[in-house]
Amino acid sequence: MHFVITFGWLRRRRPPYGDRWDAAHLSPVILTVLIAGLAFSTPRQIAVSRLLPAAPALAAAMWPVLPTILLGAFCLLVMISLSFFYADLGTQYTAAAIVAVTLAAAYASHVRLQREEILFQVRLVADAAQKVLLRPLPRRFEDVEIESLYLAAQEQARIGGDFYEAADTRYGVRLLIGDVRGKGLSAVGAASAVISCFREAAYDEPDLRGIVHRLETSIARHSAAFLAPDLPEHFATALIAEIPHGGGHVRLLNCGHPPPLLAHRGKIRVLEPTTPSAPLNLAALIGDYYCVDTVAFAQGDQLLLYTDGVSETRDRTGEFFPLPDWMRRQGPEQPRELLDRLHRDLLHYSGGRLDDDIAALAVRCPNAQGQEHPA
């Protein structure tokens, strides 16, 4: 009966991170049944019953307190039942071990649940910060379709140094994508400073150079305010794109960022900058000259903006992900479908392990008739 109550209680309980019920959570039950079966079916000299304390110890790693105690009680009943069939099992010593281990396991389960709850609250805060830093983008700005992708290198991470933003201004749709040097909270703070500045400057500055100057000032102030002896000075690569209302072309200002890809009538073009510009917060060292390139962006064309985590994803042999060739093999897909496929192929290419954060924006200028260009 104790076993049935324990199992039913576990089925009803949902852990703080969702429904994680799987075969692993049944392992303490399986271990108990296995030990009990062997204890009844093997000779007394083997004394398999002495392994019963292992079951509640294992339960502490994945079960709540009450089911752990009930499992320990069930193991104790098994041991008492064995004493009626076999003499000289050392029942009193094994029973004492079961009680001691069960109490210790119950305490360990309590501590684990407290830490899980704290971690759960931290994740809630991280999710809220993620929504503020990388808020969901509208899927369409008038005649421009936009989709985004963000993947953290660490499985449990929520935010990182990669960033993107989009704004529909009187000058057109303006896009920002970038990557702050480093990882952790310091990189997140620098990324937040750049994004916050862009959200204001994109609406005020008539020229892309004016936006970059303000971003440069913002990250320089942030780096000076939070500079520590053990932290390197922040700098960030960034790419700003501007698509005027009505389309026809796109203006690009590239500050040391990987060049975007343009898909036009089945052909892929790598949009290298005419003159390289300095990354943000390095203008004082390299120079503050910024070059704006203008590229045709017709109906049906698609633009892929990405961070270096995409192009520098490696396979097991160390080869980089062939992004232009991959893009060339894709058909005239919708932006969401393109990014979903990129996500799957990057994980497959890297063997499911990413070494860097990944951010990407797919921007499409649809045809007036809702049809694609022929390949």
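The values are calculated or read from the model by the stated rules, or taken from the named source; none is laboratory data. All values derive from a computational prediction rather than experimental measurement. All Cβ positions, even for glycine, are placed from backbone atoms using ideal geometry, and neighbour counts span all protein chains on display.
Points worth noting:
- Near pairs, Cβ below 7 angstrom, 6+ apart or cross-chain, from segment 315-334 (acidic (Asp, Glu)) to any residue that is surrounded by 12 or more Cβ atoms within 10 Å (Cβ to Cβ) and in a loop (DSSP other than H, G, I, E, B): ASP315/SER350
- The set of residues from segment 39-64 being in a loop (DSSP other than H, G, I, E, B) and either over 35 Å from the mean Cα position of the chain (by Cα) or among the aromatic types (Phe, Trp, Tyr) (or both) comprises THR42, PRO43, ALA47, LEU52, PRO53, TRP63.
- Extreme residue, surrounded by the most Cβ atoms within 10 Å (Cβ to Cβ), among residues of segment 355-372 that are at pLDDT 80 or above and in a loop (DSSP other than H, G, I, E, B): ASP357
- LEU339 being touching a residue at least 12 places away in the same chain (Cβ under 8 Å), within 23 Å of GLY256 (Cβ to Cβ) and buried (at least 16 other Cβ atoms within 10 Å of the Cβ): no
- Test: ALA108 is more than 23 Å from ILE358 (Cβ to Cβ) and either out of contact with any Lys or Arg (no Cβ under 9 Å at 6 or more places or on another chain) or part of a helix (DSSP H, G or I) (or both): yes
- Every residue from segment 119-144 that is surrounded by 18 or more Cβ atoms within 10 Å (Cβ to Cβ) and more than 16 Å from the chain's Cα centre (by Cα): PHE141, VAL144
- Any hit, segment 83-93, residues being of a type in the set (A, V, I, L, M), at pLDDT below 95 and either buried (at least 21 other Cβ atoms within 10 Å of the Cβ) or part of a helix (DSSP H, G or I) (or both): no
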